[in-house]
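Heads up: the structure comes next, in structure tokens.
The values are calculated or read from the model by the stated rules, or taken from the named source; none is laboratory data. All values derive from a computational prediction rather than experimental measurement. To get the accessible areas, we keep the full protein, side chains included, count just its heavy atoms, and leave off ligands, DNA and RNA. Shrake-Rupley method; radii C 1.70, N 1.55, O 1.52, S 1.80 Å.
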Amino acid sequence: MSVRLSATRVLTAILKHDGSLATSLPAQLEKLSESEHSLLRQLCYGSMRYYPQLQLLAEQLISKPLKRKDLDVQALVLLGLYQLAYLRIPAHAAISETVQVTAKLKKPWAKALVNGVLRNFQRQQASLEQQLSVRQEYSRAHPKWLIKALRQAWPEQANEIMAQNNAQAPMSLRVNRLRGNRDDYAQQLQQAGIDFELCRFSSDGITLAQPRDVNQLPGFTEGLVSVQDEAAQLAAALLAPEPGERVLDACAAPGGKTCHLLEQQPDLAGCLALDMSELRLGRVRQNLDRLALDCELLCADAAASDWWDGQPFDRILLDAPCSASGVIRRNPDIKYLRQAEDIATLAHLQGQILRNLWPMLKPGGRLLYATCSVLPQENAEQISGFIADQADARELTLEANWGIACSAGRQLFPQPDGHDGFYYALLEKTPG
Ligand SMILES: C[S@@+](CC[C@H](N)C(=O)[O-])C[C@H]1O[C@@H](n2cnc3c(N)ncnc32)[C@H](O)[C@@H]1O
């Protein structure tokens, strides 16, 4: 199987809304040798990162839009344009390898089309780029609706947020404090010749100078560390459960925050990790096993209460399903897969889950609301609306040196070589 054919399969699944980078890439990686993995990742991530630009270029270069049944050819065109515009692969090799894929797609007619589009792009690159540069979707490489939403929400930060969305995400680690402290692990990294920086805001965090395979990390298999973004690492300290307390992690998979909570507080009376996806709960189990941790797992809907035994929780973490607009650099296919209308739907679901979980919290108990979104509808507006309606809910101000204070909670924006975009708000149920 050729790398470009694999990339075309991944991109076609995304264009058809049949998959995402996260769900479609692993099966294609398995078909290739390890030496080809990094090129496949680069082709898929890069093509989606610059999708808004590449699509505009393709529209200029293809006279008649392709039909839905030919989205594989569309994917191949985007892939070819990405290589020519962004990679240092010699153009003639990029074109010929890309054109060859048309034979594997069993669409011989597409050979001339892909070849023609790519050669025309080569000839007209400078003028096309100049012509399109006045369009924001092109210059910012973001969909129009998202540019508008970001500018409206964050007039001062929007351009920097978009620049970070187009950058490579750093790889951060969380040291398992049950197995040693951060300084000890830092020494092990040094001995292994791996460059890193200690995280500024998470006392368990280390950011690597270069992302690498987890199997190259000292003690990964033995559970000394996990991969987790620094912003996500803030949850455990914010929820700060005490010994003997009962904790609910309501949207837990793949379990990054569940595991951190258990590492931070091993003397809980109980921890229930809930998720609607059985498949993703399997990943929570894997993570718990690797870290030699344990908790109760339940596949259930956090927006329903049929699973609840009526015993209230002392602490609830609601890491709500969201637009993931704060982690676009890790999931650039969001630029294509998310639509403007999704935000209201997600905000509705988040509100439903929040209202459903609130009665499950003990008086005096705390709920930490989190998203990896930078959009206020899912964050500060959601929480302000909830507090306004819920007489027994009060916000506990987060005194922090990260992010910025909002009307409710704190917003983090994706940082160069630092944490992702995230949002946190801490609520307390007033006793009585
Ligand atoms: C942002 S992810 C959680 C990440 C996780 N907390 C971590 O730190 O690894 C959101 C999760 O919510 C789950 N989910 C979405 N809707 C849900 C619902 N109604 N009830 C329970 N889980 C849900 C998804 O399956 C997904 O695993």
If you rank Lys104, Lys69, Lys16 by how much accessible surface each has, with a 1.4 Å probe, what is the order from largest down?
Lys69, Lys104, Lys16
Taking Cα atoms only, helix 110-132 is inclined relative to the longest principal axis of the chain by an angle, in degrees rounded to 10, of 70
With the contact rule set at Cα under 8 Å and sequence spacing of 6 or more, what percent relative contact order holds for the chain?
13
Can you give the translational diffusion coefficient of the stretch 284-369 in µm²/s, computed by Stokes-Einstein from the Kirkwood radius over Cα pairs at 37 °C and 0.692 mPa s?
214
Roughly how compact is the stretch 80-158, stated as its Cα Rg over 2.2 N^0.38 Å to two decimals?
1.45
Going by Cα centres, the stretch 13-54 and the stretch 245-283 are how many Å apart?
30
Accessible area, probe 1.4 Å, largest first, for residues Phe121, Phe220:
Phe220, Phe121
Who wins for biggest fluctuation among Pro108, Pro376, Pro416 in a Gaussian network model of the chain, springs between alpha carbons below 10 Å?
Pro108
Just reorder Glu36, Glu381, Glu230 by solvent-accessible area, largest first, 1.4 Å probe, all chains present.
Glu381, Glu36, Glu230
Residue-wise HN-Hα coupling along the stretch 382-390, computed from phi with Karplus coefficients 6.51, -1.76, 1.60 (Hz; x: Gly, Pro)
4, 6, 4, x, 5, 5, 4, 8, 10
Of the accessible area of the chain, with the probe set at 1.4 angstrom, what percent is carbon plus sulfur?
48
Report, in deg cm²/dmol and to the nearest 500, the calculated mean residue ellipticity at 222 nm for the chain, where each DSSP H run with n ≥ 4 adds -39500 (n - 2.57) and the sum is divided by the residue count.
-14000 deg cm²/dmol
In whole Å, what three semi-axes, largest first, describe the equivalent ellipsoid of the stretch 234-429 built from its Cα gyration tensor (square root of 5 times each eigenvalue)?
24, 20, 17
Apply the Karplus parameterisation 6.51 cos²θ - 1.76 cosθ + 1.60, with θ equal to phi minus 60°, to every residue of the stretch 303-313 and state each ³J(HN,Hα) to the nearest whole Hz, in sequence, with x for glycine and proline.
8, 10, 10, 4, 8, 7, 8, x, 7, x, 9
For the stretch 3-141, what is the convex hull volume of its Cα atoms per residue in Å³?
108
Compute the length gained on full extension between Ser139 and Asp195: take 0.36 nm times their separation in residues and subtract their Cα-Cα distance, giving the result in nm to one decimal.
16.8 nm
Tell me the accessible surface of His17 in square angstrom (1.4 angstrom probe, heavy atoms of protein chains only), to the nearest ten.
100
Starting at the first residue of the stretch 5-15, write each ³J(HN,Hα) from the Karplus equation 6.51 cos²θ - 1.76 cosθ + 1.60 with θ = phi - 60°, in whole Hz, x for Gly and Pro.
5, 4, 4, 4, 5, 5, 5, 5, 4, 5, 4
Taking alpha-carbon centroids only, the stretch 298-349 lies from the stretch 357-432 a number of Å equal to 14
Can you send over the solvent-accessible area of Trp109, 1.4 Å probe, protein chains only, in Å² to the nearest 10?
130
Three principal axis lengths of the stretch 333-432 [C-alpha, angstrom, descending]:
47, 32, 19
Can you give me the orientation-averaged projected area of the convex hull built on the Cα atoms of the stretch 222-296, in nm²?
4.6
Using only the Cα atoms of the stretch 172-227, what do you get for the radius of gyration and for Dmax, in Å?
9.9, 26
For the stretch 1-59, max minus min Cα coordinate along each principal axis, in Å, sorted largest first?
34, 21, 17
Taking Cα atoms of the chain, Rg/Rh with Kirkwood Rh, to two decimals?
1.00
P(r) histogram, all alpha-carbon pairs of the stretch 256-332 included - 5 Å bins from 0, percent
3, 12, 22, 23, 21, 13, 5, 1, 0
Rolling a 1.4 angstrom probe over the protein heavy atoms, how many square angstrom per residue are accessible across the chain?
45
Volume per residue, Å³, of the convex hull around the alpha-carbon atoms of the stretch 170-314?
106
